[in-house]
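S.K.: Mind looking over this structure? Questions follow.
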Amino acid sequence: MFSDPEQAFQAAVEFRWPGGNVTCPRCGGSKHSFVKTRRLWFCYDCKKQFTVKVGTIMEDSPIGVDKWMTAIWMLANCKNGISSYELAKNIGVRQNTAWFMLHRIREAMRDERTHKFGFGGPVESDETYIGPNPRKMHASRRAEFKERPGKGNRADRYIGKTAVHGMLDRELRQVRAKSLPHVKRESLQSMILNNVTPFAKVYTDAAVFYDHLSKSFVHKVVDHSKEYVNGQVHTQGIENFWSLLKRTLRGTYVAVEPFHLDQYLAEQVFRYNNRATKDNKLTDTDRFACAMAQVAGRRLTYAELTGKDLDDVSHPEAGTGQEEPF
């Protein structure tokens, strides 16, 4: 599939337009002519040219489709992710190019489904913290974090960390995770209310953030100061996801800014939700096909990725007091 650009191009066309029913991504027109020497189409309706990349995460990229598909395969199937340095070496591009490619692929992996959890089985809910280990910080850096606004009242082990909330539907074997600017009862419980069907079984630990959930759900608690499992009541499933996520962040990516954390969460959630199980024996090819099916209709520009669309002095809203994500 990736052996030469022509073969990769034919595979990409089949993924984008199954059955060869090519339509213009701009106007949806089906009347067009194909320019074989340039691998592009000319639409007779909107009078514009388009390629297989237009309207996808690959739009406006000079990188060949064969290298894009290789990168998608590797990110979708490497259990602990792949660093931009390793990808750059494998496909023959610069490291900063590979970094941008990986973030665009993560954008395609983002799950936009809105169905609620809890229709068939219990839902586990838990939170974790991603960031540096304060025990390994220099004393001056630890003091710097403590002096930041809003950080002084937090426990030392949470210094400089970003909160992440996750839910696991045991019946669907699917996870959802999202970073949070703070951990408060209203923010955590609103996440559960928006993603779990009413009166479903919700299993959590004994954190005070989950108090009063019994008003909307069948809420069961396991107190980790006494035990980790009480029959069917536990959060071991979502804890397993946290272990995979942290192994990926610490072992492969090493350092992740809070601004980009949701992109890395989307990558790990994609691999977890599309992993092979006894009931669903997905292969690497199936996982790759699932990722390729989501590249259309997504777009991530470099300005959006780096925040320059808001922070750049030439932006029309620059200096108007817009808030940072964190």
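The values are calculated or read from the model by the stated rules, or taken from the named source; none is laboratory data. A quick note: this is a predicted structure, and the numbers were derived from the prediction, not measured. Every residue, glycine among them, receives a Cβ derived from its backbone with ideal geometry; neighbour counts consider all protein chains shown. These accessible areas exclude ligands, DNA and RNA; they are computed on the full protein's heavy atoms, side chains included. Shrake-Rupley method; radii C 1.70, N 1.55, O 1.52, S 1.80 Å.
S.K.: Give the residues of segment 280-311 that are of a type in the set (K, R) and either in contact with a strand residue (DSSP E or B) (Cβ under 7 Å, 6 or more places away or on another chain) or surrounded by 13 or more Cβ atoms within 10 Å (Cβ to Cβ) (or both), sorted by residue number.
M.R.: R287, R298, R299, K308
S.K.: Condition first: small (G, A, S) and within 17 Å of V183 (Cβ to Cβ). Now tell me which residues in segment 193-237 satisfy that.
M.R.: A206, A207
S.K.: So in segment 116-145, with the set limited to residues that are aromatic (F, W, Y) and free of Cβ contacts under 8 Å to residues at least 40 places away in the same chain, which one is farthest from E239 (Cα to Cα)?
M.R.: My answer is F145.
S.K.: So L40 fits all but one of (1) closer than 24 Å to V254 by Cα; (2) without any contact (Cβ under 8 Å) to a residue 40 or more places away in the chain; (3) of a type in the set (A, V, I, L, M); what number is the exception?
M.R.: Result: L40 fails condition (1) only.
S.K.: Restricting to segment 33-82, count the residues that are polar (S, T, N, Q) and within 26 Å of M109 (Cα to Cα).
M.R.: Taking segment 33-82 as the starting set, the residues that turn out to be polar (S, T, N, Q) are 33, 37, 49, 51, 56, 61, 70, 77, 80.
Then keep just the ones that are within 26 Å of M109 (Cα to Cα); that gives 51, 56, 61, 70, 77, 80.
Within segment 33-82, residues that are polar (S, T, N, Q) and within 26 Å of M109 (Cα to Cα) number 6.
S.K.: In segment 166-175, what count of residues is obtained for those that are buried (at least 21 other Cβ atoms within 10 Å of the Cβ) and in contact with a helix residue (DSSP H, G or I) (Cβ under 7 Å, 6 or more places away or on another chain)?
M.R.: 4
S.K.: Looking at K226, K215, K246, K220, can you tell me which residue is charged (D, E, K, R) and within 21 Å of G120 (Cβ to Cβ)?
M.R.: Testing whether each residue is charged (D, E, K, R) and within 21 Å of G120 (Cβ to Cβ) leaves just K220.
S.K.: Is it true that some residue in segment 227-234 is in contact with a helix residue (DSSP H, G or I) (Cβ under 9 Å, 6 or more places away or on another chain) and open to solvent by less than 10 Å² (accessible area, probe 1.4 Å)? Outline the logic, then answer.
M.R.: Here is the first cut: in segment 227-234, the residues in contact with a helix residue (DSSP H, G or I) (Cβ under 9 Å, 6 or more places away or on another chain) are 228-229.
Okay, now just the ones that are also open to solvent by less than 10 Å² (accessible area, probe 1.4 Å), so none.
Looking for residues that are in contact with a helix residue (DSSP H, G or I) (Cβ under 9 Å, 6 or more places away or on another chain) and open to solvent by less than 10 Å² (accessible area, probe 1.4 Å), one finds none in segment 227-234, hence no.
S.K.: Taking interchain pairs and intrachain pairs at least six residues apart, which have beta carbon atoms under 9 angstrom, with the first residue in segment 20-34 and at positive phi and the second modelled with pLDDT under 95 and outside any strand (DSSP E or B)?
M.R.: G20/V13; G20/E14; G28/D45
S.K.: Does T277 fit the bill of being of a type outside the set (D, E), surrounded by fewer than 19 Cβ atoms within 10 Å (Cβ to Cβ) and outside any loop (DSSP other than H, G, I, E, B)?
M.R.: Taking the combined requirement at face value, the residue does not satisfy it.
S.K.: Under the condition of being among the β-branched types (V, I, T) and not in a helix (DSSP H, G or I), which residue from segment 250-274 is most open to solvent (accessible area, probe 1.4 Å)? Before the answer, list the steps.
M.R.: Filtering segment 250-274 for residues among the β-branched types (V, I, T) gives 252, 254, 256, 269.
Now restrict to residues that are not in a helix (DSSP H, G or I): 254, 256.
On the way: V254: 114, V256: 43 Å².
If we take residues in segment 250-274 being among the β-branched types (V, I, T) and not in a helix (DSSP H, G or I), then V254 is most open to solvent (accessible area, probe 1.4 Å).
S.K.: Name the single residue, out of those in segment 201-226 being polar (S, T, N, Q) and open to solvent by 70 Å² or more (accessible area, probe 1.4 Å), that is nearest to L188 (Cα to Cα).
M.R.: Of everything passing the filter in segment 201-226, S214 is nearest to L188 (Cα to Cα).
S.K.: Looking only at segment 137-160, count how many residues are at pLDDT 80 or above and open to solvent by 90 Å² or more (accessible area, probe 1.4 Å).
M.R.: Residues that pass the stated criteria total 1.
S.K.: Could you please let me know if F241 is modelled with pLDDT of 95 or more, buried (at least 18 other Cβ atoms within 10 Å of the Cβ) and touching a strand residue (DSSP E or B) at 6+ places or on another chain (Cβ under 6 Å)? Quick ask: steps written out before the conclusion?
M.R.: Numbers: modelled with pLDDT of 95 or more: yes; buried (at least 18 other Cβ atoms within 10 Å of the Cβ): yes; touching a strand residue (DSSP E or B) at 6+ places or on another chain (Cβ under 6 Å): yes.
Judged against the criteria, F241 is a match.
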